[in-house]
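Asker: One structure follows; several queries about it will come next.
The values are calculated or read from the model by the stated rules, or taken from the named source; none is laboratory data. Worth saying up front: this structure is predicted, and the values here are computed from it rather than measured. In this analysis, Cβ positions are derived from the backbone assuming ideal geometry, glycine residues included, and neighbour counts consider all displayed protein chains.
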Amino acid sequence: MEMLESLALGFGVAASAQNLIYCFAGVALGTLIGVLPGIGPLTTIGLLFPLTFYLPPLPALIMLAGIYYGAQYGGAITSILVNLPGETASAVTCLEGYAMARGGRAGAALALAALASFLAGCLGTLLIALAGPPLGEWALAFGPADYFSLMLMGLVGSAVLTQGDAVKGLAMVALGLLIGLVGTDVNSGVPRYDFDIPELFDGIGFTVLAVGLFAVAEIVTNLERPQPHVGYTAALRRILPSAQELQLAFWPALRGTGVGAFFGLLPGTGPALSSFAAYILEKKLAREPQRFGQGAVEGLTAPEAANNAAAQTSFIPTLTLGIPGTAVMTLMLGAMVMQGITPGPQVMSEKPELFWGIVASMWIGNLMLLVLNLPLVGVWVRLLRVPYRWLFPSVVMFCCIGNYAVNNNPVDVYLCAGFGVLGYVLVKLECEPAPLLLGYVLGPLMEEYLRRAMLLSRGDPSVFFTRPISLAFMLVTVVVLVLVLKGFRART
Amino acid sequence: VPLHRDVIAGTLFVLIGAAALILGRRYPIGTAMHMGPGYFPAVLGTVLMLLGAWIGLRAFRRRDWTAVGWGWKPLAWIVASMLSFGFVMPRFGLIPALALMFPLAAAAGREFAFREVLLITVLMCVAAAGIFVYGLKLPYRLFAF
């Protein structure tokens, strides 16, 4: 039982006092920031990201994973109580969760969401432990052409499958790839798109782009909206769901886990799609579909489970292939690169304690969430009542200090403000910024693999269609593109 | 008639793509076998221009032409507050930087209550000094003049 040994190794590493403290800090901070209205998981991670710079790789990643789960759960609290989703994935949580809160079952809704997430988290961790090693071994057979095709598939997938316009998504990917090229070309030493600014020789920093595009742009869009109204907190005294509700919730949560695990594995799809799919599935399966929208327990637990399961399994392509499936995974990948780890199949064999430590800490993080959050719901709710005009200047402060701290250079803060303007303009034009971030992270890797593949094939581009692995990825890419663009044409 | 957001978006993408091609024209393209530093940027710039043109032209088949509601004022205040932080921080230290950043950022909000802003500024200056300078031991001086 190699898997059990590896898991034991992971738990041994993750359960050290130091790592437990970082895991706890991550979960608590993630929930704390994630619960604030108008701040989604992505912004939360972006803001807290600089806090992990000064840690060694494993604690840093453990803390980030904790922040991620915490932020997701915090977002669920805001969705259920305020009907204000921090990200698209929680938009589904609002549907039934807020309806339950209106019906006086806010406490039960929060508890059920947490329990469903925990169930999905446990199964997701198991799945990573099972599927990670064989996938990693398979990935060792990948050549440069295969990697290039896989990344192309991931980028096209993220562009066309996220909500919104597929063509705009593709343009955002291209823009992200271009932004990723800024800096000195590793092969020739030629500085590209540097505008003779010495700070740009090393490229545009990851936090600069992510914080600017997401956090800064989000503050401005939030300021345009009216202050959210916090209601339905009186029902929080009765936290425990009834036996009937638990019974009703169990199978949907399991089905949701399955749906989420599947979507999480595909690069580029991620939690948003999986929670929608899980919700629709439950509605189709329900004996009384008219209850949906009125606070149906199934419609709450299935998407919450799917959301968390997808979050877990999207670590699989990130950790084994080095290809992030979602914007959040892009942040995790960026963190790994900043810590000096080259993500890819070799991580598992060269740094098993890192890989298995993260896997184990995910489970521990999920457990902490459950233990920490159910009793503390009252505290988080009080945070919801803080008016936004007191909060956002502090968010700006985190953006400033966070970016300044990377290189102790004000240029990073200026650039971040610039990307904030770009992010705001793009959001206003209904261009989703997540594919851009994915393109930015994969850009340099993609160029490198393209060059290597073409060098090995002596300049023959057919290599992408003669290697079976690469051919498979290319076919999927083409099929997805054709289907989505044809469907798009039919709609307009 | 107000411009459709897709026309603006398409124009923006075409302009960025064109800029990428123009700025990148000095980078050697190389051959397909030995790609130079200019190869990938040239491909991307072209793709971005084509996609931008598609997005922009497509909008003319639509009927939902409404103006984009820009909120330039809050954006300008937030950007100004970040720029002021970057400018003041290395010259005068963390506390002066935050003392200027907070009121400028708060001006982006709909209501600006002087006492409230003052209170938040003081509180967050103390908190930032505690977290970043004394807690995380970042090498910043509180006052540097």
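Asker: Output the number of residues of the stretch B:35-58 satisfying the condition of being of a type in the set (A, V, I, L, M, F, W, C), at the interface with chain A (Cβ under 7 Å from one of its Cβ atoms) and in a helix (DSSP H, G or I).
Answerer: Within the stretch B:35-58, residues that are of a type in the set (A, V, I, L, M, F, W, C), at the interface with chain A (Cβ under 7 Å from one of its Cβ atoms) and in a helix (DSSP H, G or I) number 7.
Asker: Given the residues A:Leu130, A:Leu126, A:Leu175, which is the only one that is part of a helix (DSSP H, G or I) and either closer than 19 Å to B:Ala19 by Cα or among the charged types (D, E, K, R) (or both)?
Answerer: Only one candidate passes the filter, namely A:Leu175.
Asker: What number of residues in the stretch B:124-140 are under 27 Å from the mean Cα position of the chain (by Cα) and closer than 18 Å to B:Met101 by Cα?
Answerer: 9
Asker: For the stretch B:75-89, how many residues meet the condition of being facing chain A (nearest Cβ under 7 Å) and in contact with a Leu (Cβ under 7 Å, 6 or more places away or on another chain)?
Answerer: Total meeting the criteria: 1.
Asker: Ok, one more. What is the number of the single condition among (1) touching a helix residue (DSSP H, G or I) at 6+ places or on another chain (Cβ under 7 Å); (2) in contact (Cβ under 8 Å) with a residue 40 or more places away in the chain; (3) under 26 Å from A:Val167 (Cα atoms) that A:Val406 does not meet?
Answerer: (3)
Asker: Sticking with this structure for a sec: Here is a check on your reading of the model: is B:Val122 surrounded by fewer than 18 Cβ atoms within 10 Å (Cβ to Cβ) and at pLDDT 90 or above?
Answerer: It is true that B:Val122 is surrounded by fewer than 18 Cβ atoms within 10 Å (Cβ to Cβ) and at pLDDT 90 or above.
Asker: Next question, about the same structure. Within the stretch B:59-71, how many residues turn out to be more than 9 Å from chain A (Cβ to nearest Cβ) and in a loop (DSSP other than H, G, I, E, B)?
Answerer: 5
Asker: Is it true that A:Arg382 is outside any loop (DSSP other than H, G, I, E, B), under 23 Å from A:Arg225 (Cβ atoms) and either more than 7 Å from every other protein chain (Cβ to nearest Cβ) or within 21 Å of the chain's Cα centre (by Cα) (or both)?
Answerer: yes
Asker: Also, quick follow-up: So which residues in the stretch A:421-464 are over 14 Å from A:Leu213 (Cα atoms) and without any contact (Cβ under 8 Å) to a residue 40 or more places away in the chain?
Answerer: Of everything in the stretch A:421-464, those that are over 14 Å from A:Leu213 (Cα atoms) and without any contact (Cβ under 8 Å) to a residue 40 or more places away in the chain turn out to be A:Met454, A:Leu455, A:Arg458, A:Gly459, A:Asp460, A:Pro461, A:Ser462.
Asker: In this structure, does A:Gly86 turn out to be modelled with pLDDT under 85 and in a helix (DSSP H, G or I)?
Answerer: No.
Asker: Can you name every residue in the stretch A:53-90 that is without any contact (Cβ under 8 Å) to a residue 24 or more places away in the chain and aliphatic (A, V, I, L, M)?
Answerer: none
Asker: Suppose the filter is more than 10 Å from every other protein chain (Cβ to nearest Cβ) and aliphatic (A, V, I, L, M); does A:Ala171 pass it?
Answerer: Spelling it out, it is not the case that A:Ala171 is more than 10 Å from every other protein chain (Cβ to nearest Cβ) and aliphatic (A, V, I, L, M).
Asker: Check off (1) under 23 Å from A:Gly357 (Cβ atoms); (2) in a helix (DSSP H, G or I); (3) within 14 Å of chain B (Cβ to nearest Cβ); (4) at pLDDT below 80 for A:Leu47 and give me the number that stays unchecked.
Answerer: Only one criterion is unmet by A:Leu47, namely (1).
Asker: Further, regarding this structure: Could you please let me know if A:Thr52 is of a type in the set (S, T, N, Q), over 21 Å from B:Lys137 (Cα atoms) and either surrounded by 23 or more Cβ atoms within 10 Å (Cβ to Cβ) or within 19 Å of the chain's Cα centre (by Cα) (or both)?
Answerer: Criteria not met by A:Thr52.
Asker: I need the full set of residues from the stretch A:445-480 which are part of a helix (DSSP H, G or I), at pLDDT below 85 and not β-branched (Val, Ile, Thr), in order please.
Answerer: Passing the criteria: only A:Leu445.
Asker: Sticking with this structure for a sec: So A:Leu155 passes all but one of these: (1) at pLDDT below 80; (2) crowded, with 24+ Cβ neighbours inside 10 Å. Which condition number does it fail?
Answerer: Unmet for A:Leu155, out of (1) at pLDDT below 80; (2) crowded, with 24+ Cβ neighbours inside 10 Å: (1).
Asker: Across the stretch B:8-33, what is the total count of residues that are more than 7 Å from chain A (Cβ to nearest Cβ) and surrounded by fewer than 19 Cβ atoms within 10 Å (Cβ to Cβ)?
Answerer: So the count comes out to 11.
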